[in-house]
Amino acid sequence: MKSFLFLFLFLASTEACWVYNRADTVEKIKQNLALQHRNSVDRQYFTDEMQKMPKIFSWAVHQIGVESAFSDCDFNKDGTITLQEMRETSTCLDSCFKLGIINLAI
């Protein structure tokens, strides 16, 4: 167990991410949003999801930070993060930590 924890911490601190990748994460997000008939998220979406989902989702959102997600992913600053912005904005989902948290929440 200690070696797994060490490996996770090591991967989270490196620039490269060997466990998760951006394309797969965006595809998972796309599938989950499609179930809700959505193709984007806004601040209200995060608020609503945090109230009805398990605490692990709420924890994950707090770890990334809603405002941080919007500054990293909302390219046109319209208050909505689209799937296209998630795919194409260079600062969105750009670290192993962010990818790990999102995959944990999904």
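The values are calculated or read from the model by the stated rules, or taken from the named source; none is laboratory data. Please read all numbers here as calculations on a predicted model, not as lab measurements. With ideal geometry, Cβ positions are generated from the backbone for all residues, glycine too; neighbour counts draw on all protein chains shown.
Overview of values
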quantity	calculated
Unique match (being under 12 Å from the mean Cα position of the chain (by Cα) and crowded, with 16+ Cβ neighbours inside 10 Å) among 99, 104	99
Selection within the range 1-36 - of a type in the set (Ser, Thr, Tyr) and modelled with pLDDT under 80	3, 13, 14
Verdict on residue 64 being of a type outside the set (Asp, Glu), in contact with a Phe, Trp or Tyr (Cβ under 9 Å, 6 or more places away or on another chain) and farther than 14 Å from residue 23 by Cβ	yes
Residues being within 19 Å of residue 25 (Cβ to Cβ) and either among the polar types (S, T, N, Q) or buried (at least 17 other Cβ atoms within 10 Å of the Cβ) (or both) - total across the range 65-86	14
Tally, over the range 48-89, of residues that are modelled with pLDDT of 90 or more and part of a loop (DSSP other than H, G, I, E, B)	7
